[in-house]
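The values are calculated or read from the model by the stated rules, or taken from the named source; none is laboratory data. Note that the coordinates shown come from a computational prediction; the quantities given were computed from them, not determined experimentally. FYI the Cβ positions are ideal-geometry reconstructions off the backbone, even for glycines, and counts take in every protein chain you see.
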Amino acid sequence: MTPEWIFGLAGVLAAAAPLLIAVIGETFSERAGVVNLSVNGAMLLAAMAGFAVAVRTGSLELGFLAGAVLGALMALVVAFASLTLRQSQVAVGLVLALLGRDLAYFLGNPFMGVPGPRVGALPIPVLKDLPVLGPLLFQQSPVVYISLITVALAWVWIFRTRPGLVLRGVGERPPAAFVRGVPVTRVRYGYAILGGALVGFAGAAYTLDLKGGWQGPISGIDGIGWIVLAITIFGGWHPVRGAFGALLFALLQWLSLVLQPSLPGIPSQVLNVAPFPLMIFALLLTNLGNTEWVQTALSRLPESSRRLALRVLRSLQVSPPAALGTVFEEE
Amino acid sequence: MKVEMRHIYKSFGPVRALQDVSLTVEAGTIHGLLGENGAGKTTLMKILSGYLRPDRGEILLDGKPVRFTSPAEGLRHGIGMLHQDPMDFPAMSVLDNFMMGHEGGFWLDRRGARRALQELARQFGFDLDPDVRVDHLTVGERQQLELLRLLWRGVRVLILDEPTTGISAPQKVRLFDTLRRLAGEGKTIIFVTHKLEEVEELCHRVTVLRQGHLAGEATPPYSPQRLIEMMFGRPLPMPERQPVPPGEPVLEIRNLVVGDHRLRLSRANLTVRSGEIIGLAGMEGSGQQLFMRACAGLVRPWEGSIRVRGKDLTGKPYHAFLEAGVLFVPANRLEEGLIPGLTLTEHFQLVYPNGRYLIDWEQARAEAQRRIRDFSIRGKPETVVEALSGGNQQRTLLALIRTPAHLLLLEHPTRGLDVESSMWVWRRLKERAQEGTALMVISSDLQELMQYCDRIIVFFSGRISEPIPTEELTLDRLGHMIAGRGW
């Protein structure tokens, strides 16, 4: 018999799946130097629109497609405003985040509580019968499989292919990439739009898979987009680390639910918000090695232990793509 | 490949950067491009490499006219440029930098690239670790990496923009040997510089630019007098050494030990007297920056004491050093010294406020006007600092130094400046010394240190030499010492 906690962890994987996809999307965009702050609005809008399209057409595929297209369009607006019109990415992104949310609630009214199609579990033959791993990994919905494959593909793309190397270069130092013959602006557009499409897809996954249906403001999707932005930073713009961040967050949320009955002394509200400060704490830990006092303290240690401590800290440390959010003008 | 640029014009808004400039470079030669800052050298080379497009004029390669719209096309025609500020990716590994922009298949061939890099490095005697991050390299090594990368891409024309800025003496020797060898193999080398002695040492022919115009050409044997006249339109007087009799001790350092997470400096003892100029020599990152920042009160020493005019300031905060008359002028003009976005008037108001709460802008403007005149800054009171040229930014920094100062700490005060501006800066510094200020100067230009300093302290990977009186030093010995030999 499969123990209870395995189903719990399988639930964590399912809950983390849209987060993973959105984090990878934002990672691509920011690696190319475009900070897309509209994620929260884009996800809500895509969740609503994806569900609406699926209800009207009866096709889940069209629903996901609609979500991805909407996300890509929002990203295109941010990219156009910043790359072509040279406006502030932050301002445009923030306005779109608010606009997307309000539009989703307003236009989504007719679809509130309407029954609609939902992605079911797709157990994988043979693998599903493995002990522990079977129920954990291979009796999930296709969205979970897609999310894990996306993370792996993103890693391969960024670190093992030539276009991935170019992507890293563009985010690091656009003029240097330009000198080496890279069409910087075109590359930035491309990844911003790809990232937006992934974010939109993730949004649609909430209504078409995880939550099943559109409930308006009580859908519980509002705020996820901001967490996605935080996890992207926590993950140091690295797909695998970002995936860990997303899983950690989903795990913390699940724990806060599981632990509620056994911790009666703590108000449930405290447990509900606990994942958020814990994420901030994790973020602090990763950047500890950058602070001067830590480095000064370390420099007094004997050589061998200093080396070790430095290596641990350095492996945790992340540095953002240096050209994040900057404007680059090709002559 | 023979390179011809004919009647090139280029303007940036109202500024005419180049007017009717022509240049012919034969294959297999090293061609110098000489001129002071702002003469248009870099602009001309950016046009040749495809980074900028000319307003008028044509470019011919081996007699065939070409037109580039991007550096990619320049590269495809075999033209590669080493930019003054290395155009690389500091946060990425040497190997990734080497591969970036190289044509090839979809998958990265790390092994092949590593082999190519090691093979090229061996050929030229460079020592580059493929797995180190580029921001851990010295400027000279970053330049070597860029050079190898361009050769791997198969460039036939190599443009080097002020390549000797910030590199060590042995690295310079190696660079020059490499360039001679490449020219011998038939590559066309264009060497941009504002230093006469480099032209004399290296170039088969030189073209001089002055304020966007072609000033003339010369072949060896060069007459320095003639080249200076072409660069500036008139001869420049050479400064004379006149030692200032040292006065009271201003800075007393006893048993000082400083360090950071990378480097721990050896124990230092030093007394600097008023009117003295102390030079700090060493390769970038040998510890001189750390030492100077400790003297400025920006880095807390681990051991030892710092006294300024008899007052113990050990471990005191920066503003206590400021109050004691210790002033620090950092090298990164725009990053640490000046505030981009603020005008000259606003900068002067930050240092010399003319009111406690409210600023009298009319008076502020007049004061700024006066300082601009005093320090011959080419700019207006309402000019924002980033719009000034490097030389004028440096003048602004000097104008911002509070008076009176007892100890002035300057990091690379003349880096990137042309001969005339450097001489102006040093004249100013000498005046301060004669007024009784003690000076400590970091510079990678050894000749400059030899010429102006009374004593020189050499740094080599954390080791600090005794202060050596300049009369007892030769340029050669100094060059050996900063490379770690002859201690």
Can you tell me which residues in the stretch A:159-192 are crowded, with 23+ Cβ neighbours inside 10 Å and away from chain B (no Cβ under 14 Å)?
A:Arg188, A:Tyr191, A:Ala192
Where A:Leu122 falls short, out of the listed (1) more than 20 Å from A:Thr207 (Cβ to Cβ); (2) in a loop (DSSP other than H, G, I, E, B):
(1)
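One line per residue, one yes/no per condition, for (1) of a type in the set (S, T, N, Q); (2) outside any helix (DSSP H, G or I); (3) over 22 Å from the mean Cα position of the chain (by Cα); (4) within 20 Å of B:Glu276 (Cα to Cα):
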{"position": "B:Glu448", "(1), (2), (3), (4)": "no, no, no, yes"}
{"position": "B:Ile457", "(1), (2), (3), (4)": "no, yes, no, yes"}
{"position": "B:Glu466", "(1), (2), (3), (4)": "no, yes, yes, yes"}
{"position": "B:Met481", "(1), (2), (3), (4)": "no, no, no, no"}
Go through the residues of the stretch B:88-110 one by one and say whether even a single one is under 27 Å from the mean Cα position of the chain (by Cα), surrounded by 20 or more Cβ atoms within 10 Å (Cβ to Cβ), more than 7 Å from chain A (Cβ to nearest Cβ) and aromatic (Phe, Trp, Tyr).
yes
If only one of B:Leu350, B:Leu342 is over 24 Å from A:Thr296 (Cα atoms) and either at pLDDT 90 or above or outside the structural domain of B:Ile253 (by TED's automatic domain parsing) (or both), which one is it?
B:Leu342
From the list A:Val144, A:Val114, A:Val126, exactly one residue is of a type in the set (Val, Ile, Thr), buried (at least 21 other Cβ atoms within 10 Å of the Cβ) and away from chain B (no Cβ under 14 Å). Which is it?
A:Val144
Residue under question is B:Arg370, and the condition is that it be closer than 21 Å to B:Ala405 by Cβ, among the basic types (Lys, Arg) and either in the same structural domain as B:Leu400 (by TED's automatic domain parsing) or assigned to a helix (DSSP H, G or I) (or both); does it hold?
yes
Take the conditions closer than 21 Å to B:Phe459 by Cβ and of a type outside the set (A, V, I, L, M, F, W, C) and apply them to B:Ser274. Does it pass?
no
Test of understanding: among A:Val240, A:Val228, A:Val294, which residue is more than 30 Å from A:Leu153 (Cα to Cα) and not in a loop (DSSP other than H, G, I, E, B)?
A:Val294
Output the number of residues of the stretch B:66-81 satisfying the condition of being within 24 Å of the chain's Cα centre (by Cα) and surrounded by fewer than 22 Cβ atoms within 10 Å (Cβ to Cβ).
0
How many residues are over 17 Å from A:Pro175 (Cα atoms) and either of a type in the set (Asp, Glu) or facing another protein chain (nearest Cβ under 9 Å) (or both) when one looks only at the stretch B:67-83?
1
Leading residue by the ranking (nearest to the other protein chains (Cβ to nearest Cβ)) among those in the stretch B:52-65 that are within 26 Å of B:Gly28 (Cβ to Cβ) and loosely packed, with under 15 Cβ neighbours inside 10 Å:
B:Glu58
Being under 25 Å from A:Phe138 (Cβ atoms), surrounded by 24 or more Cβ atoms within 10 Å (Cβ to Cβ) and not basic (Lys, Arg) is the requirement here; does A:Ala42 meet it?
no
Which members of the stretch B:233-258 meet the condition of being exposed (fewer than 12 other Cβ atoms within 10 Å of the Cβ) and modelled with pLDDT under 80?
B:Gly233, B:Arg234, B:Pro235, B:Pro237, B:Met238, B:Glu240, B:Arg241, B:Gln242, B:Pro245
Of (1) among the aliphatic types (A, V, I, L, M); (2) more than 30 Å from B:Ile442 (Cα to Cα); (3) within 11 Å of chain A (Cβ to nearest Cβ); (4) assigned to a loop (DSSP other than H, G, I, E, B), B:Val155 fails just (3)
